Amino acid sequence: MPNADHQDRQGAEDTMGKRIITPDLIHEYQWVSDPVVHPNGQSVAYVHRRTNRELDQYASHIRVAALDGGGDEAWTNGTQDSAPGWSPDGEWLGFLRPDGGVRQLFGVRAAGETPTMLASCKHGIMEWAWSPDGGRIAYTTRISLDPEREARSREEDRRHAARRGAVYDRYIPRSEGAGWWDGLYSHLFLTEPNSGTATRLTNGACDISQPRWSPDGRSIAYLAHTHAGDPNPEGGEPHRGLYIVSLEDGSTVQAVPGSYAIDRYAWSPDGTMLAWLGHDGRYGAGTQLALYVVDLKRSGHEAIMRLSQDDVQLGVYVLNDMTTGQSMPGPFFMSGPEELTIAAVVSRHGGTQLWRWRLDGSSQPLTGEPWVIWQAAQVQHRPQFVVQAIGADGPAELYVLDGTEAEAARADAEKVRQADPGKVQQTDDGQVHGKPGQEERQADVADRVAMEPAGVGHLHGVQEYAKSVQEEKRSAVAVDAALKRVQLFLDGDQVHGKSRQEDQLAEGLDHEALCPVGRSDGARMEFEPVRDDLSSRLRIMQLTRWNQELASSLSVSRPEAFWFTNSAGDPVQAWLLRPAGMESSACQGQVPVVLAIHGGPHALFAGVYYHEFQTLTAAGMAVVYTNPRGSFGYGQQFASAVIGRFGEGDADDVLQALDEALARCEWLDPTRTGVMGGSYGGLMTNWLVGRTHRFRAAVSQRSITNWFSFYGNSDIGPRYAEAMLGTHPWKDAARYWERSPIAYADRVTTPLLIMHGAEDLRCPVEQADQYYTALKRHGKTTRLIRYAGSGHAFQKSGKPSLRIDVLEQVNAWFNRYLLADQRVVLGIPFALLLENCRSSGVGDAVILESFRKRDDAPFVQARDPEMDFAERVNMAEELGVDWPRVMSQGYTLNFLPVHALKRLLWFRYGLSEERDYQQMGNELAGVPLTGTQVAELLLLIHRQWRIIREGEGSYRLVRKHGAAALE
């Protein structure tokens, strides 16, 4: 489909009559979040959110929906209502609402009722929780430890602060989203509804969060983050500890001994255990969250038991612009007929699913949908949940998950297993059958394949299964059992069950063969999601449909997953989005492609709906995105592979993802590639454009450019920089500079758009400012956009108008520099002059100044120091060669005979004939190039030459048919 068909299509339709997705569609989306199930298990309260165009902000209120789908009505009529919660008897629905500039706790007993204030305090309520008997409320609020200051009103305190300087003693006195520390601490209070009085339960220089009542109501657990004036000797920051305060005598105990970083936790039904998500910091910033339990009847480290393994990442770490609210991953205790189990959300293989663990550490997924579960709420302690989840077709909605029947079937199976161990197998129909020992082992392998989370493009379990077949020499019965669960479309033919791939599979086939993203003619590669016998039996009902009508009217590009093997031998997951409305393509080399890089790096992308990406596909671009080394969801070793090694394997993986997509999809145009990213993705974008010239356009958002200044200015500067670089600047200053993108500003040739929130404390705006200055100083094509009043998350939670502007600016930049051809057509003598000068290792600014002065002294180390420098410079001036534009926007060659091509290879890559490659007629064979070098070279020579891969790292350069052959 020609790109012109996609341009200037605000409000337009594609060829199928679907609406093209535009940036301002944000005003039509509706978001649902923060589900809280009624104690009777028959309804759920949740927050409904959408934009307010006139006020340029978001409006939210609380709604209640019946879990059987029978009704959904608004219970509050505010515009900023949040944090709903039911009283234990279900009579009251509490929620937070702004009052006098801060959030206070209100409650209603029926839809439309005038709210009653249940609790209030000077600085507002942060978190709150009903007691088990409903007679008391625990909440956190911010206070001063100075009695004199605490006695002042908020207005008096503001006037007092305006007359004095702000004094700081803590290690990092600023925090993204909260600003510079104001001297207040969050503490835990206890009150009775409507009493007007409260008792403080905690003290000291610490911040309290997540108050949770014990089941008997006699104590309250909480997380405490203790702030110190100095870091510990290793340079880290204090972790959050889990404590329990007794309401009977006021005593406090540390529930989890040691220095674990605890993220979320929950009480067991009988109050004897706590389950929690956290880590021990073993791998620094790259340590994955694990599931632990602590036995409160025991003491010391013997009371702690880890349930999850290193290949599982607990919690929600998917980055997405269409979910809302804080993630709610659990954990959740489930009381079954035979045993107590624990459920939690897991980030794994490009998605999130709900998993369950027995106390012996065995685990299995409860869901396997092609979605991301962002929030989960439990129906008391039963295997029933309400989740906020997002799929590939539109924004997140609420779903009801009912595992009651599956839990009963598991209990029946367990009884039979205990009666006759080693002789039973539960099958897809829920029946329990006896099996001979050998067949049981074979089926067990097939079941492990089937238990992989489904629908997110993951077939890695099939490869693992194939290896097991080879290693254990199991029969083809097991192969057939697994293959019957997998559907591949290869060469347009649907293959079910035992196929022509069977022999290859048994020998261990790689990801490229199993998971092709598409054929070169544009036909899609698809597979049927694999479901395990448990998740397929868990009933799923969609509860809300706020975006269903809108989504059905849109031309949505659905992500197509593919896997590849990186240089370390790791399987890496990636996705491709085609231009909107493009189901197939008869033309080749017509579609520009943008490589999108996620933040973190300890996060992940998923095969779901991203508004940002959809606006790019609507403009006629394809999008490739991936989870490179450092991403969570692929095992601990993969996540920690970037610690101390920024810019190495992670950079290789993102570029390889693009190369893989280009190799698999010939309809993608390798000469028109762009790159973009935010936060860590912006850092990587900056890094790449300073190291390669392959991209036509780039967009860097809220990024890092200088590790030195980031170290001292960011709210996570010391621990993040030391984790990514493996040292601190006083120990290895050279590493901090050589890994800073600003060090290579003079080498950038890609037009770069820099976007940043002016109030960003995570990646401070000075990072953007200094990089912009450096690029301008060297005459590069760049633009800086600062968003006033915006922090680090302005792209996802910023004002609607700014979110729209961001997308429009990005699309305009790519439209100008990627969709259109901006590269200068340069003559051979001048191209070889430039490449020879660059081979000396000096920057473009030095080269430009040398051309102006006719001074060839800086080029004595060039690969051809005897080149007729002055003659070529004079000729270029006579012909009006615009050197600043050539260096900032790049160039291409219209005519390139083979002898000049060989000179280009020598100057640019140090490759020489005979030693490195062979000439065969008008072709060059066996040219050793990396994927990045291929992409760069293609931009220069694509008008006359094709580059064909011969093998790993080996290429053939072939003259295009009809190209001039004058030598």
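Which order do peptides 61-67, 95-101 fall in by mean Cβ count within 10 Å, highest first? Write down the numbers at each step before the final one.
On the way: 61-67: 20.6, 95-101: 16.9.
Result, highest mean Cβ count within 10 Å first: 61-67, 95-101.
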Determine ³J(HN,Hα), in whole Hz, for all residues of the range 110-127 in sequence, where each value follows from phi through the Karplus function 6.51 cos²θ - 1.76 cosθ + 1.60 and θ = phi - 60°; x replaces Gly and Pro. 7, 4, x, 6, 5, x, 9, 6, 9, 7, 8, 7, 4, 9, x, 9, 9, 9
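Which of rounded, prolate, oblate describes the range 183-223, given a ≥ b ≥ c as roots of the alpha-carbon gyration tensor eigenvalues and a/c under 1.5 marking rounded, otherwise prolate only if a/b is larger than b/c?
Numbers: a/c = 2.52, a/b = 1.21, b/c = 2.09.
The shape class here is oblate.
Given a cut-off of under 8 Å on Cα pairs at least six residues apart, what relative contact order in percent is computed for the range 811-864? Each step should come with its number before you reach the end.
On the way: 26 pairs, mean separation 18.3, N = 54.
RCO, the range 811-864: 34 percent.
Under the rule a/c < 1.5 gives rounded, and otherwise a/b versus b/c splits prolate from oblate, where does the range 728-791 land using the Cα gyration tensor? Don't jump to the answer; show the numbers that get you there.
Details: a/c = 3.04, a/b = 1.15, b/c = 2.65.
Since a/c reaches 1.5 but b/c is at least a/b, the shape of the range 728-791 is classed as oblate.
Could you tally the net charge around residue 361, taking each other residue with its Cβ under 15 Å from the Cβ of residue 361, Lys/Arg +1 and Asp/Glu -1?
Numbers: positive: 306, 356, 358; negative: 295, 310, 311, 339, 360.
Residues near residue 361 contribute -2 overall.
All other residues with a Cβ under 14 Å from the Cβ of residue 629 taken together, and with Lys, Arg as +1 and Asp, Glu as -1, what is their net charge? Could you put the intermediate results ahead of the total?
Details: positive: 645; negative: 570, 648, 650, 652, 653.
Net charge in that neighbourhood comes out at -4.
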Count charges around residue 318 for me, please; just the other residues with Cβ under 13 Å from its Cβ, Lys/Arg as +1, Asp/Glu as -1. +1
For the pairs 776/853; 902/960; 731/780, note any where the Cα-Cα span goes beyond 24 Å. 731/780
If you find the alpha carbon centre of the range 109-152 and of the range 310-377, how far apart are they in angstrom? 31
Calc'd 3J(HN,Hα), the range 750-757, phi into Karplus 6.51 cos²θ - 1.76 cosθ + 1.60 (θ = phi - 60°), Hz, glycine/Pro = x, comes to 7, x, 10, 9, 10, 10, 7, x
For residue 704, what residues show an amide H to amide H distance below 5 Å, using hydrogens built from the backbone and excluding near sequence neighbours? 683
I'd like the projected area of the range 47-134, averaged over all directions, using the convex hull of its alpha carbons. Report it in nm² with one decimal. 6.7
Hey, with R₀ at 45 Å, roughly what FRET efficiency would residue 766 and residue 948 work out to, going by the Cβ-Cβ distance, to 0.05? 0.45
Checking rank on 544-557, 160-173, 27-40, with mean other Cβ inside 10 Å and highest first, the result is 27-40, 544-557, 160-173
Could you tell me whether the range 836-887 comes out rounded, prolate or oblate from its Cα gyration tensor? Rule is a ≥ b ≥ c as square roots of the eigenvalues, rounded for a/c under 1.5, then prolate if a/b exceeds b/c, otherwise oblate. oblate
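Here, each number is a calculation from the coordinates, and none is a lab measurement. Worth saying up front: this structure is predicted, and the values here are computed from it rather than measured. So basically every Cβ, Gly included, is an ideal-geometry build from the backbone, and we count neighbours across all protein chains shown.
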